[in-house]
Amino acid sequence: MVTFRELEMYKNFDELAEDVIDLAKEILPDQLFYLSSISEAQQIILKHSPNDTTIPIAEGLVLNLEDSLCSRVDFKNKQPLVYEDVKDGHALGVFEEKLEAANVRSYLGLPISFVNGERFGTLCAVNDEKSQFDTKSITLLQRIVRMFTYYLDLERFAYRDSLTDLYNRHYLARFFEGHSDAGGAVFFLDLDGFKKVNDLYGHETGDMVLKEVASKLQRFTANHPDALAIRLGGDEFLVYFTKPASETELGEWANRLLDSLSDWEADYPLSASIGIAQYAAGGDCNLKELLQQADQALYQAKKAGKNRYTFY
C-alpha cells in the first residue's frame, strides 16, 4: 500500500496529479473530478478539480472506504464503475443515504493500480445532477489513468526493493533526511542460519524466505504507524521507528519480532539477531553513524549467542 509519506518522496507528484485532473476536465468539463488513494479501510482525497457543485470535498479528506462507492470499483478487471443517476434503481442499499447526504447524483470511478496489481486509488467524476458518460470519454479517461500508472510504477521502483517490495536504502536516506528531528530508533536485523537454508534448499527457497521475512516485518509495522520496514540487502533488514520510545518498549517490540522470525512452518533452522540504536530529538543525527551503531549492537547480539537483541 502506498502511503502519504511515500508520495511525499515522488518527484513532481502534485504537479502531475493536477495535470491528470486538468486533462480529465477537458474530457468531461461539467464534472467534479477527484484523485484518491485507497488503503484497506480508508480513502484519502489527494486532489480535486474546482468545485462548482454542492458536493462537500476537500484535499486531505479521509473517508471510511466502506462508506465510499469506490469500494465497489472493479480493480481486479480494471473496469470503471458507472452510475449516471444513483437514484435510477441501482439498489445501492446503505450507500443511498450517504450519497444523498453528500449531494452525489452521478458517479464514475476508474481504478488505478500498480503493475503488480496492488491498488493505488481511483480517478472519479461526480456531480450533484444526473450525467451521461459516453464510451469515448470513459476510454480517454482510462488512457490518462494508464499513463499516470506508468509514472507511479517508475517512482515506486526507485524506492522499493524489487524482491520483497519493502522500502530500500534510497528511500530510507531520503525519508530520514526530512523526518529525523523528532528522534527515534532503529532495529538492525540479520537472519541467523540463512546461509544454511540457501545451502540446503537452494536460492529459490532463500528468496521465498526473504519474502516471508518481509511479510512478517510488514505485519509488525502495520501495528506501529510510526515504523518503516526496509531491506538493506541480502538478509539484512531494518525497522526504523520515527518517534522516540523507551528501552522497555523497544525491548518488548524486539522480542515480538524475534519470536516471529524464529517461527517457521517448514522448520527452517532460522532465527534473527537485532541491534538497536537510538537517537535524541533535535540532535544532529547522522544516518550513517546511526546504522554503524546499530550494526555494532547487532554484532554483540550475534557474539552473545544469536536470537536476541542488544542495545548500542
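The values are calculated or read from the model by the stated rules, or taken from the named source; none is laboratory data. Given the structure is predicted, the values throughout are model-derived calculations rather than measurements. Cβ: placed from backbone, ideal geometry, glycine included. Neighbour counts: every protein chain shown. Surface accessibility is based on the protein's heavy atoms, side chains included, excluding ligands, DNA and RNA. Shrake-Rupley method; radii C 1.70, N 1.55, O 1.52, S 1.80 Å.
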Within the set of pairs 6 or more residues apart or between chains, which connect a residue that is under 10 Å from G275 (Cβ atoms) inside segment 295-312 to a residue that is assigned to a loop (DSSP other than H, G, I, E, B) and open to solvent by 90 Å² or more (accessible area, probe 1.4 Å) with Cβ atoms less than 7 Å apart? Q296/Y312; A297/Y312; A301/R308
Please note which helices (runs of 4 or more DSSP H) are completely contained in segment 150-225 and include at least 2 residues that are among the β-branched types (V, I, T) and surrounded by 14 or more Cβ atoms within 10 Å (Cβ to Cβ). 203-222
Any chance A125 is over 17 Å from F13 (Cβ atoms) and modelled with pLDDT of 95 or more: yes
Whether any residue in segment 35-42 is of a type in the set (D, E, K, R) and within 20 Å of Y83 (Cβ to Cβ) is what I want to check. no
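Can you tell me which of V20, V62 is touching a strand residue (DSSP E or B) at 6+ places or on another chain (Cβ under 7 Å), of a type in the set (A, V, I, L, M, F, W, C) and surrounded by fewer than 18 Cβ atoms within 10 Å (Cβ to Cβ)?
On the way: V20 fails: surrounded by fewer than 18 Cβ atoms within 10 Å (Cβ to Cβ).
Unique residue meeting the criteria: V62.
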If you go through segment 23-42 one residue at a time, do you hit one that is touching a residue at least 60 places away in the same chain (Cβ under 8 Å), open to solvent by less than 50 Å² (accessible area, probe 1.4 Å) and β-branched (V, I, T)? yes
Of all residues in segment 74-99 being modelled with pLDDT of 90 or more and surrounded by fewer than 16 Cβ atoms within 10 Å (Cβ to Cβ), which is nearest to N64 (Cα to Cα)? D74
Among residues of segment 230-277, those that are in a strand (DSSP E or B) and not β-branched (V, I, T), counted: 13
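For segment 123-145, state whether one or more residues are among the aromatic types (F, W, Y), in contact with a Phe, Trp or Tyr (Cβ under 7 Å, 6 or more places away or on another chain), in contact (Cβ under 8 Å) with a residue 12 or more places away in the chain and not in a helix (DSSP H, G or I).
Looking for residues that are among the aromatic types (F, W, Y), in contact with a Phe, Trp or Tyr (Cβ under 7 Å, 6 or more places away or on another chain), in contact (Cβ under 8 Å) with a residue 12 or more places away in the chain and not in a helix (DSSP H, G or I), one finds none in segment 123-145, hence no.
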Any chance segment 272-292 includes a residue that's among the hydroxyl-bearing types (S, T, Y), more than 19 Å from H179 (Cβ to Cβ) and open to solvent by less than 20 Å² (accessible area, probe 1.4 Å)? yes
Using the structure shown, decide if T248 is more than 24 Å from the chain's Cα centre (by Cα), among the β-branched types (V, I, T) and either surrounded by fewer than 21 Cβ atoms within 10 Å (Cβ to Cβ) or closer than 24 Å to S162 by Cα (or both). yes
Within segment 302-312, can you find the residues that are more than 17 Å from A185 (Cα to Cα) and among the hydrophobic types (A, V, I, L, M, F, W, C)? A304
